[in-house]
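Report on one structure; see the data block that follows.
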Amino acid sequence: MILPDIQAKTRFEVEYPINASPKILFPYLSTASGLTQWFCDDVRYEGPQRLNFVWDKEDHYAELTSQRLNKNVRFVFLNEQRKAEADATFLEFSLGASGITDEVFLHVVDYSAGQNADDQRELWDGLVEKLREQVGG
């Protein structure tokens, strides 16, 4: 899971086919209510472009640093003083489609400390399965 830490960070990237249009998927990736349905216990807005992601009753503050409607969104996690820092943990979701098959893909970039690739893959497989259940894809 995305948790700020002083450990060395790794970039984990994975792509999943999702049987839903970007227009349907995007709110699940970019809004507090959508993210709460599949990604974490709760998400609350803390001001313009600031969110509080809650896992296991712990707060993790992030800033929405980029967003392109129905395309991509990036959250940069803040330190304990709620400030951005160099080499910050971030999470990015991008949506793409195959021009040949019209299949939609969710590309995830999870830059965080801690887990090995197998654990990360297992975590994201489970999260994306919950997302698919929500969108019917």
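Within the stretch 88-100, identify whether any single residue is at pLDDT below 95, part of a strand (DSSP E or B) and over 24 Å from Ser21 (Cβ atoms), and answer yes or no.
No, because not a single residue in the stretch 88-100 is at pLDDT below 95, part of a strand (DSSP E or B) and over 24 Å from Ser21 (Cβ atoms).
Give the stretch 113-129 a look and list any residue that's part of a helix (DSSP H, G or I) and either more than 16 Å from the chain's Cα centre (by Cα) or surrounded by fewer than 14 Cβ atoms within 10 Å (Cβ to Cβ) (or both), or say none. Before the answer, list the steps.
Let us first name the residues in the stretch 113-129 that are part of a helix (DSSP H, G or I), namely 117-129.
Those that are part of a helix (DSSP H, G or I) and either more than 16 Å from the chain's Cα centre (by Cα) or surrounded by fewer than 14 Cβ atoms within 10 Å (Cβ to Cβ) (or both): Ala117, Asp118, Asp119, Arg121, Glu122, Asp125, Gly126, Glu129.
Can you tell me which residue is nearest to Lys9 (Cα to Cα) among those in the stretch 89-124 that are of a type in the set (D, E, K, R) and touching a residue at least 12 places away in the same chain (Cβ under 8 Å)?
Going through the qualifying residues, I end up with Asp110.
For residues that are surrounded by fewer than 18 Cβ atoms within 10 Å (Cβ to Cβ) and modelled with pLDDT under 95, scanning just the stretch 101-112, find the one that is nearest to Asn19 (Cα to Cα).
Only one residue fits best here, namely Glu103.
The values are calculated or read from the model by the stated rules, or taken from the named source; none is laboratory data. Since the structure is predicted, the reported quantities are computational estimates derived from the model, not experimental observations. Heads up, the Cβs are rebuilt from the backbone with ideal geometry, glycines too, and the neighbour counts pull from every protein chain shown.
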